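Participant: Dropping a structure here in structure tokens format, bear with me for questions.
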Amino acid sequence: MRGAGKWMRRTCVIGGLILAAFLLDTPAVLAGPGEDGVAAYNRGDYVPAMRLFRPLAEAGNSKAQSAVGVMYRKGQGVAKSSVRALMWFSLAAKRGDARGKAELREVSDSMTPAEISHAQEMMQACETSNYRACEY
């Protein structure tokens, strides 16, 4: 008898979740932080976009790393910094992100060798610490 009660509760919970999904039926229900970040960025809400992208970037998401790099390069929601932009583009490019690779080449063309070296040191420290010691 005890097993039947547990089964009944589980069935009710699953049914309730399915019902909630149908009732809410909005794209936001299925959207994750990446999609929410893109939506915020496209609206020009750069600070919330950065708050959404940064944890994804720190988790190794190359698309989010490129987005963070773009925002540092343009000074959107953060202080403009070519060094920090290069750091994030380097991380994204290392993971095979095409946009990161293209942005990396473009931003590095306008930087001094010392700035590039500093960005590479930051990237190394960031990766070595598993994203706990990243300079922002």
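The values are calculated or read from the model by the stated rules, or taken from the named source; none is laboratory data. For clarity, every value in this text was computed on a predicted model and none was experimentally measured. Virtual Cβ from ideal backbone geometry, glycine too; neighbours counted across all protein chains shown. What goes into the accessible areas is simple: the full protein's heavy atoms, side chains included, and nothing from ligands, DNA or RNA. Shrake-Rupley method; radii C 1.70, N 1.55, O 1.52, S 1.80 Å.
Participant: So, LEU30, is that one at pLDDT below 95, open to solvent by 30 Å² or more (accessible area, probe 1.4 Å) and over 12 Å from the mean Cα position of the chain (by Cα) or not?
Facilitator: On the way: at pLDDT below 95: yes; open to solvent by 30 Å² or more (accessible area, probe 1.4 Å): yes; over 12 Å from the mean Cα position of the chain (by Cα): yes.
Yes, satisfied.
Participant: Now for a different question. Considering only segment 99-115, state which residues are outside any loop (DSSP other than H, G, I, E, B) and more than 17 Å from SER66 (Cα to Cα).
Facilitator: Within segment 99-115, the subset outside any loop (DSSP other than H, G, I, E, B) is 99-108, 113-115.
Listed by number, the residues that qualify are PRO113, ALA114, GLU115.
Participant: Looking at GLY60, GLY77, GLY69, GLY96, which one is under 19 Å from GLY34 (Cβ atoms), in a loop (DSSP other than H, G, I, E, B) and under 12 Å from the mean Cα position of the chain (by Cα)?
Facilitator: Numbers: GLY77 fails: under 12 Å from the mean Cα position of the chain (by Cα); GLY69 fails: in a loop (DSSP other than H, G, I, E, B); GLY96 fails: under 12 Å from the mean Cα position of the chain (by Cα).
Just a single option satisfies the conditions, and that option is GLY60.
Participant: On the basis of being open to solvent by less than 80 Å² (accessible area, probe 1.4 Å) and either at pLDDT 60 or above or in a helix (DSSP H, G or I) (or both), does VAL47 make the cut?
Facilitator: Numbers: open to solvent by less than 80 Å² (accessible area, probe 1.4 Å): yes; either at pLDDT 60 or above or in a helix (DSSP H, G or I) (or both): yes.
So VAL47 fits the description; yes.
Participant: Could you count how many residues in segment 52-88 are hydrophobic (A, V, I, L, M, F, W, C), open to solvent by 10 Å² or more (accessible area, probe 1.4 Å) and touching a Ser or Thr at 6+ places or on another chain (Cβ under 8 Å)? Break it down stepwise before answering.
Facilitator: Within segment 52-88, the first condition is being hydrophobic (A, V, I, L, M, F, W, C), and the residues that meet it are 52-53, 56-57, 59, 64, 67-68, 70-71, 78-79, 83, 85-88.
Narrowing the set further to residues that are open to solvent by 10 Å² or more (accessible area, probe 1.4 Å) leaves 52-53, 56, 59, 67, 78-79, 83.
Next, only the ones that are touching a Ser or Thr at 6+ places or on another chain (Cβ under 8 Å) stay: none.
The qualifying residues number 0.
Participant: List pairs: first in segment 117-135 and open to solvent by 30 Å² or more (accessible area, probe 1.4 Å), second at pLDDT below 85 and not hydroxyl-bearing (Ser, Thr, Tyr), Cβ under 8 Å, 6+ apart or cross-chain?
Facilitator: ALA125/ALA133; ALA125/CYS134; ALA125/GLU135
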